[in-house]
Amino acid sequence: MPYPKLAYVLRNLHPGATIQEVGSNHHHHRNATPPLRLQFPKSLTFHSFTLTTRRRTTMATHNSTNFSSPPHSDYAEIVVVRHGETAWNAISKIQGQLDVELNETGRQQAAAVGDRLSREAKLSVIYSSDLQRASETAEIIASKCGGVEVVKDADLRERHLGDLQGLVYSELAKTKPTAYKAFVSKNEDMEIPGGGESLVQLYDRSTSALDRIGTKHIGERVVVVTHGGFIRSLYQRACPNGGRPGKVLNTSVGVFHIDADDNWILKMWGDVSHLSQTGFLQSGFGGDRNSG
């Protein structure tokens, strides 16, 4: 491992910590060799401190049950939340950009994450996909956080999955074999028949949207309520060599710092501690290659 002294420090912070070469700037191609960052196991919540290396100032992290940092003048803190559960999530039905509302479990999950965010640093605004499952989650969060403004944005929608939308996952290969083949293809430029997006199109749309929001809100803390596939693309931008992001659970929380130069730092990933405390569902369909 490079930087042996730094590796020693990391192992004392957390045994699963590693050093990764990961990208942070929008000028890099997503497959280009990026700069240094420290990588920790997924589903951790974090406070932060700074380690300085010869290559750059790098953010390191450690476990915490509750994460909250006040706004910093150098970057936007963007709290990314997946929407609550829907009836279609519960039966493994592909949603994509079809408009499905929350079920009762989803509303309880949204209330739980709203309660959590209400105890953390003040929010400036909440951005939401304009699909019901996200916008309803956002409105519930807003009601818990003093009525903060909710701005709906169609660019925050889930990946369009073409002919697969509205079908139960187990039936895809038999019912729509051509679309299913495109869906599971390793070719990230392959679009799904029926108007579906490729993974590259989703990546470009999702990262551009978060860049735009981050640039507008430097020095502020904002929430973005969106979808599982969308959120996975954000992880790939922040940590292109960081391994698979895993499933993005309903109302899981990720935190990104984006500065004025479009540098991204991932501060938290996949945290659902608010669901552990309330006893609400911590599993669910979607949030991986299956649409959320």
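The values are calculated or read from the model by the stated rules, or taken from the named source; none is laboratory data. Because the structure is predicted, anything quoted here is derived from the model rather than measured. Backbone-built Cβ (ideal geometry, glycine too); neighbour counts: all protein chains shown.
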Check your understanding: Which condition breaks for Asp155 when tested against (1) within 15 Å of Arg205 (Cβ to Cβ); (2) in a loop (DSSP other than H, G, I, E, B)?
Key -> (2)
Revision key, fill the gap. Inside the stretch 156-171, the number of residues satisfying the requirement of being of a type in the set (Asp, Glu) and either under 26 Å from Gln108 (Cα atoms) or free of Cβ contacts under 8 Å to residues at least 12 places away in the same chain (or both) is 2
Check your understanding: Can you name every residue in the stretch 271-292 that is buried (at least 21 other Cβ atoms within 10 Å of the Cβ), touching a strand residue (DSSP E or B) at 6+ places or on another chain (Cβ under 9 Å) and modelled with pLDDT of 60 or more?
Key -> Asp271, Val272, His274
**Study point:** Condition met for Ala111 (in contact (Cβ under 8 Å) with a residue 24 or more places away in the chain and in contact with a helix residue (DSSP H, G or I) (Cβ under 8 Å, 6 or more places away or on another chain))
**Key:** yes
Revision key, fill the gap. Result of the Cβ filter at 6 Å on the stretch 172-193, keeping first residues that are assigned to a loop (DSSP other than H, G, I, E, B) and partners that are of a type in the set (Asp, Glu), at least 6 apart or interchain, is Lys176/Asp163; Pro193/Asp163
Check your understanding: Tell me, which residue of the stretch 106-146 that is small (Gly, Ala, Ser) and surrounded by fewer than 20 Cβ atoms within 10 Å (Cβ to Cβ) is farthest from the chain's Cα centre (by Cα)?
Key -> Gly146
Practice item. Can you give me the number of residues within the stretch 167-186 that are surrounded by 13 or more Cβ atoms within 10 Å (Cβ to Cβ) and over 23 Å from the mean Cα position of the chain (by Cα)? Key: 11
Check your understanding: How many residues does the stretch 246-270 hold that are part of a loop (DSSP other than H, G, I, E, B) and surrounded by fewer than 23 Cβ atoms within 10 Å (Cβ to Cβ)?
Key -> 5
Check your understanding: Among the residues of the stretch 81-100, is any of a type in the set (Asp, Glu) and either under 27 Å from Ile265 (Cα atoms) or assigned to a helix (DSSP H, G or I) (or both)?
Key -> no
Exercise for review: Kindly provide the set of residues from the stretch 148-172 that are in contact with a Lys or Arg (Cβ under 9 Å, 6 or more places away or on another chain) and more than 23 Å from Thr86 (Cβ to Cβ), ordered by number.
Suggested key: Val148
